[in-house]
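The values are calculated or read from the model by the stated rules, or taken from the named source; none is laboratory data. All of these numbers come straight from a predicted model, not from anything done at the bench. No Cβ is skipped: glycine too gets one built from the backbone with ideal geometry, and neighbour counts run over all protein chains shown.
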Amino acid sequence: MQELIEYSAREKRRAFLQGSTLGLGSLALGTLCGAEQNRGPVGNPLQGLPHAAARAKRVIYLFQSGGPSQMDLFDYKPSLADRFGEEVPKSIYPDERKTTMTSGQNSFPVAPSTLKFRRHGKSGIWLGQTLPHLAQVVDDICVIKSMHTEAINHDPAATLFQTGSVIPGRPSMGSWVSYGLGSQNENLPAFVALTSNGTGKGGQPLYDRLWGAGFLPGRFQGVKFRGQGDPILDLYNPSGMTREQRRRMLDSLGELNNRQANRFQDPEIETRIAQYELAFRMQMSVPELIDFKSESKNTLDMYGSQVNTVGRYAYNCLLARRLAERGVRFIQLYHRGWDAHGNAPKQITAQCRDTDQPTAALIQDLKQRGLLEDTLIVWGGEFGRTIYCQGKLTKLSYGRDHHPNCFSYWLAGAGVRGGMSYGKTDDYSVNVVENPVHVHDLQATVLDQLGIHHEKLTFRHQGRDYRLTDVHGQVVRDILS
């Protein structure tokens with residue numbers, strides 16, 4: 001009985017606050033939940049966004065989880081061939097910058113790349129021999145050789161690239177974009193995450209928080225498409241249930257949820273309502289999206305033999321293009337398997353066998369459809385690899401440890417100057433010596449191409465304004481046309 005009395009009293013107080021002339025209850029709730037001050041209507045951009053004319057309507061981020069080796073792919077160092085087996089000078093690579101996986105080694109010999117390099121395209125960009133397909137579109141890409149980060153272990157390094165912080169719990173880049181710019185297609189999410197594994201290698205864990213909304217309203221989190229079976233669980237109605245029955249069920253459920261939302265003013269209830277409705281619409285849009293039968297044989301052949309295998313990198317690249325042309329704003333493709341601590345030449349060759357052709361095909365496919373000019377493609381991992389050998393060094397084999405001080409990324413598409421190399425590293429590919437680009441600089445540049453000023457897209461949380469680039473970040477104007 002006492003519980004009923006207390007409940008009744010709470011309801012009377014809530015009714016008074018909500019119904020009072022000044023709307024005291026709503027004002028107090030809005031103050032406490034900074035979300036209500038910041039967000040715009042579902043599917044629409046925030047007021048005042050974009051801040052400037054956008055060069056990109058969408059982003060495809062090809063994240064190569066594990067840390068691709070820059071000196072085996074993009075950062076050509078021919079002079080190191082004469083230093084094979086020599087100790088890397090401590091003045092170049094001091095002990096305190098080595099990880100615990102190699103700090104106990106007695107020797108840190110130089111391991112020059114065994115992979116051959118050639119210049120390609122009109123631009124003459126150097127590429128390793130494992131990238132023959134990317135070589136065909138090299139004049140469309142800008143290679144940044146001077147990326148650097150602070151994080152030396154996989155999870156915090158990947159988290160920094162995805163969320164702007166090594167501390168888990170912040171909104172991912174795709175969530176910030178979805179929050180700021182809204183959706184272009186009400187029948188698909190604004191932000192989609194795809195995952196694939198390299199041949200014969202699982203790779204580092206990919207946690208859902210990497211595409212999570214953090215402290216933003218939950219509806220801005222990325223929607224993960226599974227790599228096996230149906231891309232979305234419960235995509236199809238159970239046997240015996242019609243679409244009309246599903247609609248009536250959702251209407252009834254929506255009415256109950258709306259009552260709770262009006263009663264408790266909980267934004268998560270509104271998120272739940274919106275997600276149920278999106279899921280209902282996706283039951284119509286996703287089956288058509290994942291049906292590649294409309295693609296020509298030439299297109300399928302361009303992406304390679306694995307294009308029809310669900311969950312493979314080639315499949316996800318074609319799916320990314322189909323998502324892009326249907327208005328999905330941010331497409332995050334995570335590919336695992338680049339963590340080459342041992343036998344790096346073999347592992348890199350295997351990874352490139354899976355990824356090189358589909359990546360180049362994605363660029364070509366977007367370009368021939370007129371979509372590359374307003375689609376920004378970003379390629380890279382969480383850090384690079386060491387020039388010194390991890391484990392036993394031979395003429396044909398070597399391992400490489402984690403290296404955050406310099407590594408390579410490349411961008412293509414909307415507003416990016418193609419056929420360009422930017423930045424420079426020292427003779428050992430250990431330190432940046434020209435035009436450094438930090439993680440937050442890259443993030444600021446991506447937002448800039450979407451018409452977003454990275455310092456102005458903020459969200460009030462726990463008493464302060466947060467943003468993707470934290471308190472850092474400069475747009476890399478030199479690589480933009």
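The table below lists the values:
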{"item": "Any chance LEU442 is assigned by TED's automatic domain parsing to the domain that holds HIS148 and in a helix (DSSP H, G or I)", "result": "yes"}
{"item": "Per-region count, segment 282-294, residues among the charged types (D, E, K, R) and under 16 Å from PRO231 (Cα atoms)", "result": "2"}
{"item": "Criterion: in a helix (DSSP H, G or I), surrounded by 11 or more Cβ atoms within 10 Å (Cβ to Cβ), at pLDDT 90 or above and in the same structural domain as THR309 (by TED's automatic domain parsing) - qualifying residue of LEU216, LEU210, LEU194, LEU206", "result": "LEU210"}
{"item": "Single match in PHE63, PHE84 (criterion: at pLDDT 95 or above and more than 24 Å from the chain's Cα centre (by Cα))", "result": "PHE84"}
{"item": "Those residues of segment 94-111 which are loosely packed, with under 12 Cβ neighbours inside 10 Å and assigned to a loop (DSSP other than H, G, I, E, B), in sequence order", "result": "PRO94, THR100, GLY104, ASN106, SER107"}
{"item": "In segment 297-331, residue nearest to ALA190 (Cα to Cα) [restricted to those that are of a type in the set (S, T, N, Q) and outside any loop (DSSP other than H, G, I, E, B)]", "result": "ASN316"}
{"item": "Any chance GLY337 is buried (at least 23 other Cβ atoms within 10 Å of the Cβ) and within 18 Å of the chain's Cα centre (by Cα)", "result": "yes"}
{"item": "Selected residue [under 30 Å from THR163 (Cα atoms) and in contact with a Leu (Cβ under 7 Å, 6 or more places away or on another chain)] from ALA274, ALA261, ALA279, ALA324", "result": "ALA324"}
{"item": "Single condition GLY180 does not satisfy, out of (1) crowded, with 22+ Cβ neighbours inside 10 Å; (2) within 22 Å of TYR334 (Cβ to Cβ); (3) in contact with a Leu (Cβ under 9 Å, 6 or more places away or on another chain); (4) among the small types (Gly, Ala, Ser)", "result": "(2)"}
{"item": "Matching strands (runs of 3 or more DSSP E) fully within segment 112-181 where at least 1 residues are over 21 Å from PHE383 (Cβ atoms) and in contact (Cβ under 8 Å) with a residue 12 or more places away in the chain", "result": "117-120, 125-128"}
{"item": "Selected residue [under 14 Å from PHE225 (Cβ atoms), among the aliphatic types (A, V, I, L, M) and not assigned by TED's automatic domain parsing to the domain that holds ARG58] from ALA320, ALA279", "result": "ALA279"}
{"item": "Meets criteria (surrounded by fewer than 21 Cβ atoms within 10 Å (Cβ to Cβ) and of a type in the set (S, T, N, Q)) for SER397", "result": "yes"}
{"item": "Lone qualifier among ILE452, ILE387, ILE377 - being in contact with a Phe, Trp or Tyr (Cβ under 9 Å, 6 or more places away or on another chain), surrounded by 21 or more Cβ atoms within 10 Å (Cβ to Cβ), modelled with pLDDT of 95 or more and within 20 Å of GLN347 (Cβ to Cβ)", "result": "ILE387"}
{"item": "Filtered residue count, segment 235-248, keeping only those that are in a loop (DSSP other than H, G, I, E, B), in contact (Cβ under 8 Å) with a residue 40 or more places away in the chain and of a type outside the set (A, V, I, L, M)", "result": "2"}
{"item": "Members of segment 332-345 that are of a type outside the set (D, E, K, R) and part of a strand (DSSP E or B)", "result": "GLN332, LEU333, TYR334, HIS335"}
{"item": "Condition broken by LEU80, with the remaining ones in (1) surrounded by 20 or more Cβ atoms within 10 Å (Cβ to Cβ); (2) touching an Asp or Glu at 6+ places or on another chain (Cβ under 8 Å); (3) closer than 24 Å to GLY399 by Cα satisfied", "result": "(1)"}
{"item": "Check on SER91, within 16 Å of HIS402 (Cα to Cα), modelled with pLDDT of 85 or more and surrounded by fewer than 19 Cβ atoms within 10 Å (Cβ to Cβ)", "result": "no"}
{"item": "Number of the exception - ASP230 against (1) farther than 30 Å from HIS453 by Cβ; (2) assigned to a strand (DSSP E or B)", "result": "(2)"}
{"item": "Qualifying position, being touching a Gly at 6+ places or on another chain (Cβ under 8 Å), assigned to a helix (DSSP H, G or I) and closer than 26 Å to ARG329 by Cβ, among ILE273, ILE269", "result": "ILE273"}
